[in-house]
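Worksheet: one structure, shown below.
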Amino acid sequence: MNGMNEMTLSFSARSENEAFARVAVAAFVSQLDPTLEELNDLKTAVSEAVTNAIIHGYESDESCKVTIEATIEGDCVSITVSDNGRGIEDLELARQPLFTSKPELERSGMGFTIMENFMDRFEVSSLMGGGTRVMMLKRIESKKALYN
């Protein structure tokens, strides 16, 4: 596959749209013929990022929007999940395994750890009152890539 392919998706910050986001990204990435494991890794990472935006960024304010941008270039997929929510006060602390700012919601505090472990590259940037942006990159070791 030559060139670059892109998609942008914006949707209401409603928890039921998390499944939609997973399926949309999976459908977009399917052109790379990923393995089931690669697809599940991507879907899980997207779920975590979208859920964080809804629960933490917007504190479940359904009038807000979450945006996903995905780019395929060669055998790599880059996914950015962003919100314009409250931001993360202490990014270093938030990235620690088991840390959660919402223990009352029984959050595991493993969201960033999961994203980091399932992707080849993971970056998060945040501005208090200005939202959070999670950028993830995964190389798809697909059958297509092996034969091209």
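Here the spin labels are modelled as points 7 Å beyond Cα on the Cα-Cβ line, and at L137 and S10 they lie 2.6 nm apart. Within the accessible area of the chain, the carbon and sulfur atoms contribute 49%, probe 1.4 Å, all protein chains present. Once the 1.4 Å probe is applied to the protein heavy atoms, the chain comes out at 54 Å² accessible per residue.
A Cβ-based charge dipole, computed about the Cα centre of the chain with Lys and Arg at +1 and Asp and Glu at -1, lands at about 200 debye. The candidate values are [x] 1.03; [y] 1.66; [z] 1.31; the one derived from this structure for Cα Rg over 2.2 N^0.38 Å carries the label [x].
The values are calculated or read from the model by the stated rules, or taken from the named source; none is laboratory data. These numbers were taken from a predicted model, which means no experiment stands behind them. Cβ coordinates were reconstructed from backbone atoms using ideal geometry, including for glycine residues, and neighbour counts include every protein chain displayed. The accessibility values were calculated without ligands, DNA or RNA, using every heavy atom of the protein model including side chains. Shrake-Rupley method; radii C 1.70, N 1.55, O 1.52, S 1.80 Å.
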